[in-house]
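First the structure, in the form of structure tokens, and then the observations on it.
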Amino acid sequence: MQTEIEVLMVAAITISCLHTIAGPDHYVPFIALSKSRGWSLSKTLLWTIICGCAHVWSSVLLGLGAAAIGWSFSKIQWFEDIRGGIAGWTLVGFGLLYGVWGLINATRGKRHKHFDFYEDGSMYVYEHREGEIVAPAERHKVTPWIMFVIFLLGPCEPMIPLLFFPAVKSSWWGIILLVIVYTFFTLVTMAAIVIIGYYGFAFVKTEKLERYTHALGGATIFACGTGMVFLGW
């Protein structure tokens, strides 16, 4: 179990960092708000962390639902001998399906959030597909609390199977460890990029990578599960 948790931790770190870096909406709005409103670095980071926590814990809440199911399975006596294999295959299956779904959405141009910035410092958010024109009435002015709601309603789905695995193995310490690792690296990555942008340094443009975020998350989960099932990780 120790080795398996280590593998899951690597997957959690990879997913949290990729998911954050590949999504400009995780940091660009905070940089823009800080400049338009004259925020100090400390206030900018405060709102970054508040919204980041909303994003992380909505993901964790979904993951705990999967963990509860896994924990229930772990108490069934006939499930004892096969639970390790089932958990590993769950990662393989979820990773494959999630990755394929991510690729399909990337090629079809799935609806995604977009932020518009204006010279007066105002910022508006709306959802659209590439090339789709959105009416002004469908755009919403961004405030710190609007950002909080956006992050709260935008969880990171790959956390679901990661927490299912240790639950099947009846390992609450594994669940807690994964939640801490995922939370820490998501918030640190967000804060680091916001600090870079706050001081005027441009971060690598990731708009094209953003559409493949789900596919990359699925690939990470699939690799993790494959290693456990076939390579004895």
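Rule-based calculations on the coordinates, nothing more; no lab input. Predicted model only: the values in this text are computed from it and were never measured. Cβ placement follows ideal geometry from the backbone for every residue including glycine, while neighbour counts extend to all protein chains displayed.
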Stretchable slack from Ala68 to Leu97, in nm (0.36 nm times residue separation minus alpha-carbon distance): 8.3 nm
Cβ-based exposure ranking for Thr20, Thr107, in which fewest neighbours within 10 Å come first: Thr107, Thr20
Computed E for Ile195/Thr3 - FRET, C-beta separation, R0 35 angstrom, nearest 0.05: 0.50
Efficiency of FRET between Phe184 and Leu41 - r from beta-carbon atoms, R0 30 angstrom, step 0.05: 0.90
